[in-house]
Amino acid sequence: MLKDNLKNVKENISNACKRAGRKTDEITLIAVSKTKPVEMIQEIIDEGIIDFGENKVQELVNKYELINKKVNWHLIGHLQRNKVKYIIDKVCLIHSVDSYRLAEQINEEAAKKNKIMNILIEVNVADENTKFGVKYEETKQLVKDISKLQYIKVKGLMTVAPFVINPEENRIHFQNLRKLFIDIKSENIDNIDMDILSMGMTNDYEIAIEEGATIVRVGTGIFGERNYSI
Ligand SMILES: *Cc1c(COP(=O)(O)O)cnc(C)c1O
């Protein structure tokens, strides 16, 4: 039952918070609903979750139109510049900005809607060539460049840590991202709010919380395994 899965995830979050001396209300749980039907999303909404993550623009737009409850949609996957216009007025946060060109496009579309778009910078913490995200060393400069765009607000950093069997292996990456987060925050750059650290997925969210995550993105742990063959 989804309800039991969710309860389990919430307990794990609560225990990780205890271990780290943090409060549970410092953590936002995003239910990652990619590939899952709206009926399942509805079930989780009924349990009180309002934050949902999707990694594909078309799927997010479809679900946005089918679900008429108040939901905060998060775009967590790679975003192509020509698709920004479809989601600009539908999402509360774009987690996956990793280039100035993409930020410029978001700025342009946000300006048309006269809104400020909240974004995170996606960092490729382990420098994996299979992953999106800006290089760790180039992150601060990218944040500084984007800070000049009027219709964008950088709210923090995001990462997708490597796929590992033992999640302890990712602890170092979470620690490094937090260091960078604090470093950028301490510079008090104009038009930048370093508030959000989006890190941790089903396999490693407890460790991410111990290392300072403020958003965890959990898919499988709530909705079960994904089937991409259908
Ligand atoms: C799919 C996905 C998740 C959730 O992954 P699970 O391992 O199923 O929890 C989190 N973040 C991103 C960016 C994703 O694409």
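The values are calculated or read from the model by the stated rules, or taken from the named source; none is laboratory data. Every value quoted in this text rests on a predicted model; they were computed, and no experiment measured them. Every residue, glycine among them, receives a Cβ derived from its backbone with ideal geometry; neighbour counts consider all protein chains shown. Please note that ligands, DNA and RNA were not included when accessible areas were found on the heavy atoms of the full protein model with its side chains. Shrake-Rupley method; radii C 1.70, N 1.55, O 1.52, S 1.80 Å.
Some points to look at:
- Screening region 191-230 for residues that are over 25 Å from Glu43 (Cα atoms) and in a helix (DSSP H, G or I) and picking the one that is farthest from the ligand (Cβ to nearest atom) gives Glu210.
- Exclusive hit being among the hydrophobic types (A, V, I, L, M, F, W, C), open to solvent by 50 Å² or more (accessible area, probe 1.4 Å) and modelled with pLDDT of 95 or more, set Ile121, Ile116, Ile94: Ile116
Every residue, every condition in (1) under 27 Å from Lys153 (Cβ atoms); (2) open to solvent by less than 40 Å² (accessible area, probe 1.4 Å); (3) without any contact (Cβ under 8 Å) to a residue 24 or more places away in the chain, yes or no:
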{"site": "Lys36", "(1), (2), (3)": "no, yes, no"}
{"site": "Asp46", "(1), (2), (3)": "no, no, yes"}
{"site": "Ile50", "(1), (2), (3)": "yes, no, yes"}
{"site": "Val57", "(1), (2), (3)": "yes, yes, no"}
{"site": "Lys63", "(1), (2), (3)": "yes, yes, no"}
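- Every residue from region 29-81 that is within 16 Å of the ligand (Cβ to nearest atom), outside any strand (DSSP E or B), under 25 Å from Ala110 (Cβ atoms) and not charged (D, E, K, R): Ser33, Asn55, Val57, Gln58, Leu60, Ile76, Gly77, His78, Leu79, Gln80
- Residues of region 124-144 that turn out to be assigned to a loop (DSSP other than H, G, I, E, B) and either open to solvent by less than 60 Å² (accessible area, probe 1.4 Å) or not acidic (Asp, Glu) (or both), as a count: 8
- Subset of region 97-113 that is assigned to a loop (DSSP other than H, G, I, E, B) and more than 16 Å from the ligand (Cβ to nearest atom) - its residue that is surrounded by the most Cβ atoms within 10 Å (Cβ to Cβ): Ser99
- Residue match in region 82-90 (condition: part of a strand (DSSP E or B) and out of contact with any Gly (no Cβ under 8 Å at 6 or more places or on another chain)): no
- Identity of the residue in region 1-28, within 14 Å of the ligand (Cβ to nearest atom) and either farther than 17 Å from Arg217 by Cβ or in a helix (DSSP H, G or I) (or both), that ends up most open to solvent (accessible area, probe 1.4 Å): Asn8
- Qualifying positions in region 145-173 - more than 18 Å from Glu108 (Cα to Cα) and open to solvent by 30 Å² or more (accessible area, probe 1.4 Å): Lys155, Val160, Phe163, Ile165, Asn166, Pro167, Glu168, Glu169, Arg171, Ile172, His173
- Test: residue in region 129-143 that is within 14 Å of the ligand (Cβ to nearest atom) and either farther than 30 Å from Glu169 by Cβ or β-branched (Val, Ile, Thr) (or both): yes
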